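Visitor: Can you read through this structure? Questions will come right after.
The values are calculated or read from the model by the stated rules, or taken from the named source; none is laboratory data. These figures come from a predicted structure and were not determined experimentally. Don't worry about glycine lacking a Cβ; one is built from the backbone with ideal geometry, like all the others, and counts go over all protein chains shown. These accessible areas exclude ligands, DNA and RNA; they are computed on the full protein's heavy atoms, side chains included. Shrake-Rupley method; radii C 1.70, N 1.55, O 1.52, S 1.80 Å.
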Amino acid sequence: MSILKVRKYPDPVLKRKALPVKEVCDADRRLIDDMIETMKASDGVGLAATQVGVSRRIITFNPSPESWRADALINPAIIKRRGSESKEEGCLSLPGVNGPVRRSTYLVVEGLDIKGNPVCYEAKGFLARIFQHEIDHLDGILFIDRLNPIKRIMAKRSLKKEAK
Ligand code: NI
């Protein structure tokens, strides 16, 4: 396992829409192991393949940072959503910024596990937020894109400063 380089804003790969995984292969499983290792090393709760420069629809997540239990979801798709709540988010690709993002509070998410078997998650609160944030990454959407215009301008300004 190895720790991968997390792409930072404004790396163009972050704006790219990731492609569905047709068949889950060993290379995907290796990527997932590395993504989980990378997430752990950077104290992240979620990571999208996009963030390590791979435009494939794969996410990893760790809903309980206290008891490490990371997992992966391939081709995740939200099939049901309910509720709405605004909470602070941050992102490993956007160091030093956070802001309030409105997200659904309850989701049903379908996808494939690392063996390629169909799985379905019912997610609430924190995990539901992680799923929405990471699936956004697969669509080339960053959480700052969901901030109100003034907060977005401020976030971009501080990112530019950080990049210098
Ligand atoms: Ni992120």
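Visitor: How high is the relative contact order of segment 56-164, in percent, with contacts defined as C-alpha pairs under 8 Å that are six or more residues apart?
Guide: Details: 177 pairs, mean separation 26.6, N = 109.
Once divided by the residue count of segment 56-164, the mean separation gives 24 percent.
Visitor: Let me ask something additional. If you roll a 1.4 Å probe over the heavy atoms of the protein chains, what accessible area per residue do you get for the chain, in Å²? List each step's numbers first, then the result.
Guide: Working: 8980 Å² over 164 residues.
Heavy-atom accessible area per residue stands at 55 Å².
Visitor: Once you list every other residue whose beta carbon is under 15 Å from the beta carbon of residue 124, what net charge do they have if Lys and Arg are +1 and Asp and Glu are -1?
Guide: Details: positive: 80, 81, 82, 87, 103, 129; negative: 85, 122.
Neighbour charge sum, excluding residue 124 itself: +4.
Visitor: Follow-up. For residue 151 and residue 87, calculate 0.36 nm times their separation in residues minus their Cα-Cα distance, and state this gained length in nm to one decimal.
Guide: Working: separation 64, 0.36 × 64 = 23.04 nm, distance 1.37 nm.
Separation in residues times 0.36 nm, less the Cα-Cα distance, equals 21.7 nm.
Visitor: Counting only protein heavy atoms, what percent of the accessible surface of the chain is carbon or sulfur at a 1.4 Å probe?
Guide: Values: 4660 of 8980 Å².
Of all accessible area on the chain, carbon and sulfur atoms account for 52 percent.
Visitor: Let me ask something additional. For segment 128-142, in order, what is each residue's ³J(HN,Hα) by Karplus, 6.51 cos²θ - 1.76 cosθ + 1.60 with θ = phi - 60°, in whole Hz (x at glycine and Pro)?
Guide: My calculation for segment 128-142 gives 4, 5, 4, 4, 5, 5, 6, 5, 4, 4, 5, 9, x, 10, 9 Hz in order.
Visitor: From the mean inverse distance of alpha carbon pairs (Kirkwood) and the Cα radius of gyration, derive Rg over Rh for segment 12-93. List each step's numbers first, then the result.
Guide: On the way: Rg = 13.4 Å, Rh = 13.8 Å.
Over the Cα atoms of segment 12-93, Rg/Rh equals 0.97.
Visitor: Just to confirm the filter: which trypsin sites (Lys or Arg not before Pro) across segment 30-88 are DSSP coil and have at most 15 other Cβ within 10 angstrom of their Cβ? Please list the in-between numbers first.
Guide: On the way: sites: 30, 40, 56, 57, 69, 80, 81, 82, 87; in loops: 57, 69.
Loop-located and lightly packed - 69.
Visitor: Straight-line reach from residue 87: which lysines have Cα under 16 Å away, leaving out those fewer than 8 places along the same chain?
Guide: Result set, ordered by chain and number: 124, 151.
Visitor: Just to confirm a number: summing +1 for Lys and Arg and -1 for Asp and Glu over residues other than residue 102 whose beta-carbon lies under 11 angstrom from that of residue 102, what do you get?
Guide: Around residue 102, the surrounding residues sum to +2.
Visitor: Follow-up question, since we're still on this one. Please give me the summed charge of the neighbours of residue 112: other residues whose Cβ is under 10 Å from its Cβ, Lys and Arg +1, Asp and Glu -1. Spell out each step's value before the answer.
Guide: Working: positive: 57, 115; negative: 23, 28, 110, 113.
Summing Lys and Arg as +1 and Asp and Glu as -1 gives -2.
Visitor: Within the chain, which is the longest segment that contains none of the GluC sites (Glu not before Pro) sitting in a DSSP loop with at most 13 other Cβ atoms within 10 Å?
Guide: Working: sites that count: 23, 66.
Counting only loop sites that pass the neighbour cut-off, the longest clear stretch is 67-164.
Visitor: Over segment 12-163, one equal point on each Cα, no solvent: what is log10 I(q)/I(0) by the Debye formula at q = 0.09, 0.13 Å⁻¹?
Guide: -0.27, -0.57
Visitor: Still on this model: On a straight-distance basis, which lysines could pair with residue 22 in a cross-link, Cα separation under 26 angstrom, same-chain partners fewer than 8 positions away excluded?
Guide: Those lysines meeting the cut-off are 5, 80, 115.
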